[in-house]
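Colleague: Structure incoming, see below.
The values are calculated or read from the model by the stated rules, or taken from the named source; none is laboratory data. Predicted model, so just to flag it, every value in this text is computed and none were measured. As a convention, Cβ positions derive from the backbone with ideal geometry for all residues, glycine included, and neighbour counts pool all protein chains shown. Note: areas computed on protein heavy atoms with side chains; ligands, DNA, RNA excluded. Shrake-Rupley method; radii C 1.70, N 1.55, O 1.52, S 1.80 Å.
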Amino acid sequence: MIEMKDIVKSFGNVHAVKSGQFTLKKGEIHSLIGENGAGKSTMMKLLYGMYPIDEGNLRIHGENIPSITPKIAIEKGIGMVHQEFMLVNELTVLENIILGFEPRHGITIDFDKARKTVEQYISQYGMDIQLGKRINQISVGEAQRVEIIKTLTRGANVIILDEPTAVLTPQETRQLFVILQNLRKDGKSLVFISHKLNEVMEISDRISVMRQGNYIGSVNKEETSPSELAKMMIGREVFLNMEKTQAKPGEKVLEVKDVWVSGEKEISKIRGVSLDVREGEIVGIAGIDGNGQSELIEAITGLRQVEKGSVLLDGKDITNLSPKKIRKGGLSHIPEDRNTRGLNRSMSIKENLIAVSVSEPPFCRGLVQNQKDMLEYAKKLSEVFDIRPRDPEISTQSLSGGNAQKVVVAREVSIGGKLLVASQPTRGVDIGAIESIRKILQEVKSKGMGVLLISADLEEILSLSDRIVVMHEGRITGRLKAEEANEDNLGLLMMGGAGPAEERGSTT
Ligand SMILES: Nc1ncnc2c1ncn2[C@@H]1O[C@H](COP(=O)(O)OP(=O)(O)OP(=O)(O)O)[C@@H](O)[C@H]1O
Ligand SMILES: [Mg+2]
């Protein structure tokens, strides 16, 4: 279906792709993997015609395509589901799907015909989509299915999915995989980008690996293993199962006392949550996305109104103070959404790294910001956190997904407060970076900081936390010591456990 040979692509002096190779066969699911910044998204954007290719050769169905544009790509049957969805919030699902490609009946849009076509796809591929809802009323998983249908209505037989599971809950990922398998059965060819090797091993027929803009190789799923893939990606072995460092719980740095908060949905309301975090320990919050974890974090960090109850940081009442005041009181926060809350995309890496501390010494002497120290500091952090490219002056706009996340993590753990609230800290980062971010969280804990960890990844919760609380429908359904917890008992509690009002487990 597709053949990309000796592809070269630079952005200024950043060589995003140096020797890109990629082939796609009919009816296969082909995973593209590699470290953050390896050039995966760029390769696929080149295939979809979003940037001109500097050098190299692209063939679609054996036909040489000298200069591709998105219009040509769509005509040739290529569809792309981007990580940031491109849907119009105010329109309905059906309107979004047919936008720009409306079947007409005279001069009016033939909605009946459109609906029939779309309903055909929905049942054929087993998708759960409600056509009449507005985009702002549907879940991320459903929005993604809408994007897939959109490519189908435009006649796609090649569909590129760039990190589709990064935004999904494990349940939604299962649903997506069923759809992908149905599409494959029907002869569609799929490109799947992911950092999760277990997903890659489950869904792919073939896997191609890139490293630093270069093509490393392709392997059949049957003939490889996660450890071989990891080695191909970073050129050395990776050990994600690190030893947990001993917790030395000290004073309480966070106390949440019977907090009530309203949420967007009924199940995301917080109803009387109490928990605490001590110095020198990591407390994990487990739960299916959307059960109030985000709202609880917003309440703690000052982004959402607490209706009843109180929040204490380092012994001081911070209930309903501004986020700025709470930060000053010693709270660091790696937010869930790096694009809207974590980063200022119009500023450089350097400016983002120091954004919270510019008005304080040593960067600010009187009214003059010390540019040289700022640059040195940013350089050092880029080094320690392996932010690529290694140039603090460039805009965060052009960073790859995982490197953008590293900037946020670097800034937050370096300002050194009392409490670190880490929401989905390794979302979208490669396994090498997961390893280093997890190590950093352990170091921070060893230095006496308290860490509140929220992750959709149970494996992450289990491997880092000293204590675990489980949330379901805005309540805590269980509290467990790390050694008592496993995927089974956590899973049960995440589904509601013994009942909404009852709590299980032994520790507090
Ligand atoms: N529009 C752009 N302008 C400048 N540089 C860019 C642009 N897009 C990508 N880059 C750079 O090209 C390199 C490859 O980026 P790309 O987004 O392809 O990586 P990736 O493999 O998808 O990584 P990730 O897993 O983090 O998403 C990175 O160094 C990135 O900073
Ligand atoms: Mg990418």
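Colleague: If the reach is capped at under 21 angstrom between alpha carbons, list the lysines near residue 133, excluding any in the same chain fewer than eight residues apart.
Modeller: 113, 116, 150, 265
Colleague: So, one more: Filter 221/445; 325/372; 18/380; 257/325; 231/481 down to the pairs with a C-alpha to C-alpha distance above 30 Å, please.
Modeller: Among 221/445; 325/372; 18/380; 257/325; 231/481, the Cα-Cα distance tops 30 Å for 221/445; 231/481.
Colleague: Using Cα centres only, tell me the gap between the stretch 135-156 and the stretch 374-423 in whole Å.
Modeller: 33 Å
Colleague: Full extension from residue 459 to residue 492: what is 0.36 nm times the residue separation minus their Cα-Cα distance, to one decimal in nm?
Modeller: 10.4 nm
Colleague: Here is a follow-up. With the contact rule set at Cα under 8 Å and sequence spacing of 6 or more, what percent relative contact order holds for the stretch 2-234?
Modeller: Once normalised by length, the contact order is 30 percent.
Colleague: Quick one: which residues, 5+ away or cross-chain, put their amide H under 5 Å from the amide H of residue 421? H built at 1.01 Å from N.
Modeller: 332, 333, 334, 452
Colleague: Round to a whole number: what % of the accessible area of the chain belongs to carbon and sulfur, probe 1.4 Å?
Modeller: Carbon and sulfur together cover 50 percent of it.
Colleague: Moving on to the next point. Please say if the chain is rounded, prolate or oblate, where rounded means a/c under 1.5 for a ≥ b ≥ c the square roots of the C-alpha gyration tensor eigenvalues, and otherwise the choice is prolate for a/b larger than b/c and oblate otherwise?
Modeller: Verdict is prolate for the chain.
Colleague: Near residue 318, within a Cβ-to-Cβ distance under 14 Å, what is the net charge of the other residues, with Lys and Arg +1 and Asp and Glu -1?
Modeller: Local net charge: +4.
Colleague: Pop a pseudo-label 7 angstrom from the Cα along the beta-carbon direction at both residue 137 and residue 383 and give the gap in nm to one decimal.
Modeller: Output for this residue pair reads 5.6 nm.
Colleague: Based on the mean of other Cβ atoms within 10 Å per residue, sort peptides 141-152, 436-447, 202-213 so the most packed one is first.
Modeller: Packing order, densest peptide first, comes out as 141-152, 202-213, 436-447.
Colleague: Taking θ as phi - 60°, what are the ³J(HN,Hα) couplings along the stretch 73-87 by the Karplus curve (6.51, -1.76, 1.60), each to the nearest whole Hz, with x for Gly and Pro?
Modeller: Going residue by residue, I get 4, 5, 4, 8, x, 9, x, 9, 9, 7, 6, 8, 5, 10, 9 Hz, with x marking Gly and Pro.
Colleague: Additional query: If you filter the stretch 161-190 for trypsin sites (Lys or Arg not before Pro), then keep DSSP loop positions with at most 14 other Cβ within 10 Å, what is left?
Modeller: Answer by residue number: there is no such site.
Colleague: Please give, to one decimal in nm, the separation of the simple spin-label points placed at residue 370 and residue 85, each 7 Å out from Cα toward the Cβ.
Modeller: 4.7 nm
Colleague: Filter the trypsin sites (Lys or Arg not before Pro) in the stretch 9-109 to those in DSSP coil with at most 13 other Cβ atoms within 10 Å of their Cβ, and list the result.
Modeller: Counting only loop positions with at most 13 other Cβ atoms within 10 Å, the trypsin sites (Lys or Arg not before Pro) in the stretch 9-109 are 25, 26.
Colleague: For the chain, what does the accessible surface come to per residue with a 1.4 Å probe? Please give it in Å².
Modeller: Value returned for the chain: 44 Å² of accessible area per residue.
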